[in-house]
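The values are calculated or read from the model by the stated rules, or taken from the named source; none is laboratory data. Model, not experiment: these values are computed from the prediction. With ideal geometry, Cβ positions are generated from the backbone for all residues, glycine too; neighbour counts draw on all protein chains shown.
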Amino acid sequence: MTVWSLPGGAVLERSRHEGYAAVAALARCAASEGFGAQIPAFTEAQPYYPATLHLMALVAQATTYPRCVPI
């Protein structure tokens, strides 16, 4: 997840949690014609919300986007 400044659009901060990266990777793959997604491995060392997003991204990948298998 990225936080921007509204006037000017400067990046203020980026999250290091894998859950946000998993959602972004799945979205990139789903929007493309490619095979495989750079979904990071799940780790329990992230807060509840990004961890839940991560698990939901993995469920969505397995049930809806099988071509977006994590690589």
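Brief remarks follow.
- Residues of segment 6-25 that are in a loop (DSSP other than H, G, I, E, B) and of a type in the set (Lys, Arg): Arg16 alone.
- Selection within segment 31-71 - loosely packed, with under 12 Cβ neighbours inside 10 Å, over 14 Å from the mean Cα position of the chain (by Cα) and either assigned to a helix (DSSP H, G or I) or among the charged types (D, E, K, R) (or both): Glu33, Glu44, Tyr48, Thr63, Thr64, Pro66
- Hey, Arg28 outside any loop (DSSP other than H, G, I, E, B), out of contact with any Ser or Thr (no Cβ under 7 Å at 6 or more places or on another chain) and either on the phi < 0 side of the Ramachandran plot or not polar (S, T, N, Q) (or both) or not: yes
- A search for C-beta distances below 7 Å between a residue of segment 18-44 that is under 12 Å from Pro70 (Cα atoms) and at pLDDT 95 or above and any residue that is part of a loop (DSSP other than H, G, I, E, B) and polar (S, T, N, Q), counting only pairs 6+ apart in sequence or on different chains, returns Ala25/Gln38.
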